[in-house]
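**Student:** Got a structure here, written out as structure tokens. Questions coming.
Nothing in this text is a laboratory measurement; each read-out follows from the coordinates by a stated rule. Keep in mind it's a predicted model, so treat the numbers as computed, not measured. We place every Cβ from the backbone using ideal geometry, glycine too, and count neighbours over all the protein chains shown.
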Number of protein chains: 2
Amino acid sequence: MSFEITILGSSAAVPVKGRHMTSQHVRIGNHQFLIDCGEATQHQLLEMGISLHKIEHIFISHLHGDHFFGLPGLLSTMNIQRRTAPLYIHGPRGLDEVLLASFKHSNTELNYKICLYDNPTMFPDVIFENDHITVETIPLIHRVPCTGFLFREKKKQYRIIPEKLPSGLPFDAFRALKRGEDIEFQGETIQFKDVTLPPRRSRSYAFCSDTKFSRSVISKVYGVDLLYHESTFMHRHLERANTTFHTTALQAGQIAKEAKVGKLLIGHFSARYGDLKVLLEESKTEFENTELAKEGRKFSIIERD
Amino acid sequence: MSFEITILGSSAAVPVKGRHMTSQHVRIGNHQFLIDCGEATQHQLLEMGISLHKIEHIFISHLHGDHFFGLPGLLSTMNIQRRTAPLYIHGPRGLDEVLLASFKHSNTELNYKICLYDNPTMFPDVIFENDHITVETIPLIHRVPCTGFLFREKKKQYRIIPEKLPSGLPFDAFRALKRGEDIEFQGETIQFKDVTLPPRRSRSYAFCSDTKFSRSVISKVYGVDLLYHESTFMHRHLERANTTFHTTALQAGQIAKEAKVGKLLIGHFSARYGDLKVLLEESKTEFENTELAKEGRKFSIIERD
């Protein structure tokens with residue numbers, strides 16, 4: 001099953017030539033999600049050949065414009081392109097007001113249903129789940145209520161070794177073994193451990209933007225395969241990072257190191273940095289496996305034993 | 001004095017690869033204006049190297065998203081870039097609601113003042129003037145209240161022929177001649193006609209989007225140097241144009257011909273047309289001097305006698 005993140009925007013606050021405001025597309029198996037929706041997100045999706053139609057859920061971290069000003073346009077285009085499938089939007093309280101005001105004077109009647117849910121911001125909470133994954137909020141510390149999102153595969157099933165099974169095994173028994181239960185068959189006990197391989201690891205992706213540096217994040221993202229953490233500033237601009245409730249590249253690296261994540265992506269770069277290498281190098285001094293979350297880059301989390 | 005229109009977006013309703021939603025930048029002498037502000041207008045300005053800071057007035061034709069969803073982001077970026085000069089926005093009633101809702105939850109306090117004026121939509125009216133130009137609304141027929149905008153230079157002054165003037169002429173007399181008044185000097189009458197050339201022609205630009213085909217526009221834009229008229233559809237899609245209150249390329253050409261304009265720009269193209277030549281050719285069957293209002297193109301109106 002695929003587990004792939006595509007970066008649509010890497011820029012903080014304002015666009016820079018070649019850099020767009022925050023948005024990421026997440027594809028997990030047959031399901032597609034969008035995280036944040038800065039202005040021109042729909043242009044970026046178009047540019048990268050990603051269809052709007054298959055996006056089922058949109059997660060908005062907070063109500064600063066660079067994270068949601070692209071939403072009214074995206075919803076409008078979905079409508080014009082005759083979407084009928086419901087769309088689920090998980091955002092901070094107040095997002096409904098913005099959307100209602102945006103459409104009020106245009107006499108827009110949507111062909112599809114929007115289900116809008118307020119993100120819990122005080123404590124981590126599961127806000128979405130399907131058969132394969134859960135999405136949980138990560139409370140962040142910013143100038144307005146803000147949450148990150150943790151995408152995590154559910155515990156996977158034991159993997160049957162077909163040649164070790166007796167023939168004629170009923171379907172229910174087959175499913176029980178996959179769940180890790182021993183079964184009785186023709187008067188004998190078959191232990192699941194004898195006929196299965198252990199489940200594959202459950203993969204995970206954590207998105208943390210925007211936030212002041214906070215060690216409280218470490219336990220929430222501990223051991224994830226891939227962590228996106230904002231790195232708006234270099235550490236020499238720490239004071240600016242503190243007053244604006246943002247994180248430095250060095251601090252992002254520290255969090256990745258202490259949380260023992262697989263890989264760190266840094267993004268949400270201040271427009272003051274023309275060459276992003278300096279941020280990458282700074283983060284790498286703390287955590288070597290860092291990459292820049294730049295526009296158009298795709299990051300796949302591979303299934304492993 | 002320069003009089004230059006730069007096209008930022010040519011697309012109707014939704015973006016198409018390489019085509020953005022409606023916005024135009026107008027530069028007249030030292031003054032800069034924006035007409036409409038579809039999503040990603042600020043990206044287009046950045047791309048074309050046009051500074052946001054010098055824009056003094058923004059004119060919004062109507063409250064369909066493809067004409068104003070870029071406004072909250074633009075205003076926000078102006079703020080982040082420390083604008084202090086007031087900004088004047090002329091838009092349909094209701095725009096204030098959208099802007100207030102967009103900023104309400106972000107705790108944004110603007111460093112600069114926004115002066116918001118409701119466009120009169122029933123009758124043409126001058127909504128802005130300075131020493132050199134007026135901007136007048138053009139009532140249009142669309143699914144929501146909508147106006148075009150007519151930029152017109154005021155009547156210019158007579159041009160002094162220096163070698164025909166006696167020396168020692170006081171400044172007041174000089175100014176009177178430029179206004180086309182005869183003067184007395186050292187007991188003699190100097191007729192302005194003898195010492196001046198006639199004023200240069202006053203230039204004009206009319207912007208008409210979105211609208212159903214309507215002959216009532218002809219008298220409003222009669223004789224303008226440059227007319228931008230929406231041409232969302234080809235004439236074979238006339239029925240669709242009528243139901244959605246848009247104009248065909250053929251009809252835009254007819255209006256240009258009957259209004260005896262200097263040049264016609266067509267734009268606001270439906271996403272269904274990949275190759276825009278077909279629209280250009282159709283309009284040219286009625287009015288030869290038609291051009292496509294495509295992204296990045298600049299149209300200058302030259303001063304003439």
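**Student:** Calculate the length of the line joining the C-alpha centroid of segment B:53-99 to that of segment A:1-79, in whole Å.
**Tutor:** Here the answer is 23 Å between Cα centres.
**Student:** For all pairs of alpha-carbon atoms in segment A:82-234, what percent lies in each bin of width 5 Å, listed from the first bin to the last filled one?
**Tutor:** Per 5 Å bin, starting at zero, the Cα-Cα P(r) for segment A:82-234 comes out as 2, 8, 13, 13, 11, 10, 10, 9, 8, 7, 5, 3, 1, 0, 0 percent.
**Student:** Using +1 at the C-beta of Lys and Arg and -1 at the C-beta of Asp and Glu, which of B:Ser167, B:Leu63, B:Ile127 has the Cα lying farthest in the positive direction of the dipole of segment B:41-173?
**Tutor:** Comparing the listed Cα positions along the dipole, B:Ser167 ranks first.
**Student:** I would also like to ask the following. In nm, one decimal, shortest first: how far is the label point of B:Glu288 (7 Å from Cα along Cα to beta carbon) from the matching points in the other copies?
**Tutor:** Between copies, matching label points for B:Glu288 lie 7.3 nm apart.
**Student:** Mind checking the mean number of beta-carbon atoms from other chains within 10 Å of the Cβ atoms in A:92-104?
**Tutor:** Mean partner shielding for this stretch: 4.
**Student:** I've got another one for you. Could you list the GluC sites (Glu not before Pro) in segment A:58-138 that lie in coil according to DSSP, counting only those with at most 16 other Cβ atoms within 10 Å of their Cβ?
**Tutor:** Qualifying residues, ordered by number: A:Glu109.
**Student:** Between B:Thr243 and A:Met122, what's the calculated FRET efficiency when r is the beta-carbon distance and R0 is 45 Å? Round to 0.05.
**Tutor:** Values: r = 49 Å, r/R0 = 1.10.
Efficiency, from the Cβ-Cβ distance: 0.35.
**Student:** Further question: Between 0 and 90 degrees, rounded to the nearest ten: what's the tilt of helix B:71-80 against the longest Cα principal axis of chain B?
**Tutor:** 70
**Student:** Which three semi-axes in whole Å describe the equivalent ellipsoid of segment A:261-305, each the square root of 5 times a Cα gyration tensor eigenvalue, listed largest first?
**Tutor:** 22, 14, 6
**Student:** Please work out the ratio of the alpha-carbon Rg of segment B:31-133 to 2.2 N^0.38 Å and round it to two decimals.
**Tutor:** 1.05
**Student:** With the contact rule set at Cα under 8 Å and sequence spacing of 6 or more, what percent relative contact order holds for chain A?
**Tutor:** Details: 691 pairs, mean separation 51.1, N = 305.
Dividing the mean separation by the residue count of chain A yields 17 percent.
**Student:** Also, quick follow-up: Roughly speaking, what % of Cα-Cα pairs in segment B:108-155 are separated by over 15 Å, rounded to a whole number?
**Tutor:** Roughly 56 percent, once rounded to a whole number.
**Student:** Given H placed on each backbone N at 1.01 Å, which residues far from B:Thr196 in sequence or on other chains put an amide H within less than 5 Å of it?
**Tutor:** Counting only residues 5 or more places away or on other chains, the set is B:Ile161.
**Student:** A further question on this structure: I need the peptides A:143-149, A:163-169 ranked by packing, meaning the mean over residues of other C-beta atoms within 10 angstrom, with the highest value on top.
**Tutor:** Those peptides, ordered most packed to least, come out A:143-149, A:163-169.
**Student:** Could I ask something else about it? Taking the Cβ of each residue in B:Leu75, B:Leu116, B:Leu8 as the centre, tally the other Cβ atoms inside 10 Å and list the residues starting with the fewest.
**Tutor:** Working: B:Leu75 25, B:Leu116 15, B:Leu8 29.
By the 10 Å Cβ count, ascending, the order reads B:Leu116, B:Leu75, B:Leu8.
**Student:** If you keep only loop residues by DSSP, which trypsin sites (Lys or Arg not before Pro) in segment A:180-263 have at most 16 other Cβ atoms within 10 Å of their Cβ?
**Tutor:** Here the trypsin sites (Lys or Arg not before Pro) that fit, given the DSSP loop and packing criteria, are A:Arg200, A:Arg201, A:Arg215, A:Lys260.
**Student:** Shortest first and in nm to one decimal, what separations exist between B:Gly187 and its copies in the other chains, measuring from label points 7 Å along the Cα-to-beta-carbon line?
**Tutor:** Ordered by increasing distance: 14.7 nm.
**Student:** What is the order of B:Ser61, B:Ser106, B:Ser214, B:Ser231, fewest Cβ neighbours within 10 Å to most?
**Tutor:** With the fewest neighbours first, B:Ser61, B:Ser106, B:Ser214, B:Ser231 line up as B:Ser214, B:Ser106, B:Ser61, B:Ser231.
**Student:** Using only atoms on other chains, find how many Cβ atoms lie within 10 Å of each Cβ of peptide A:66-72 and report the average.
**Tutor:** Details: counts 5, 1, 4, 12, 5, 1, 7.
Counting Cβ atoms of other protein chains within 10 Å of each residue's Cβ and averaging gives 5.
**Student:** Sticking with this one: In whole Å and largest first, what semi-axes does the C-alpha gyration tensor of segment A:65-114 yield when each eigenvalue is scaled by 5 and square-rooted? Intermediate values should be presented prior to the final figure.
**Tutor:** Values: eigenvalues 60, 33, 22 Å².
In descending order, the three semi-axes are 17, 13, 11 Å.
**Student:** Where the Cα atoms of chain A are projected onto their three principal axes, how long is each span, largest first, in whole Å?
**Tutor:** 71, 53, 35 Å, listed from the longest principal axis down.
**Student:** To the nearest 20 Debye, how big is the dipole of chain A about its Cα centre, given +1 on the beta carbon of each Lys and Arg and -1 on that of each Asp and Glu?
**Tutor:** The calculation lands at about 400 debye.
**Student:** Let me ask something else about it. In whole angstrom, how far apart do the alpha carbon centroids of segment A:111-182 and segment A:245-305 sit?
**Tutor:** 26
**Student:** Express as a percent, rounded to the nearest 5, the fraction of DSSP beta bridges in the protein assembly as shown (both residues included) that run antiparallel. Numbers along the way, then the final one.
**Tutor:** Values: 68 of 122 bridges.
Of all bridge pairs located within the protein assembly as shown, approximately 55 percent are antiparallel.
**Student:** Could you estimate the translational diffusion coefficient of the protein assembly as shown from the Stokes-Einstein equation, with Rh from the Kirkwood formula over C-alpha pairs, at 25 °C and 0.890 mPa s, in whole µm²/s?
**Tutor:** Estimated via Stokes-Einstein, D reaches 90 µm²/s.
**Student:** Please give the helix B:249-258 orientation as an angle from the longest Cα principal axis of chain B, in degrees from 0 to 90, rounded to the nearest 10.
**Tutor:** 20
**Student:** A follow-up question, please. Say a label goes 7 Å from Cα toward Cβ at B:Gly274 in every copy; what distances in nm does this one have to the rest, shortest first?
**Tutor:** 3.9
**Student:** Which percent of Cα-Cα pairs in segment A:170-293 sits in each 5 Å bin, short to long?
**Tutor:** 2, 11, 19, 16, 10, 6, 5, 5, 6, 6, 5, 4, 2, 1, 0
**Student:** Here is a follow-up. Mind checking which of B:Ile190, B:Gly274, B:Ile255 is farthest towards the positive end of segment B:160-305's charge dipole, using Cβ charges of +1 (Lys, Arg) and -1 (Asp, Glu) about the Cα centre?
**Tutor:** Value computed over the given set: B:Gly274.
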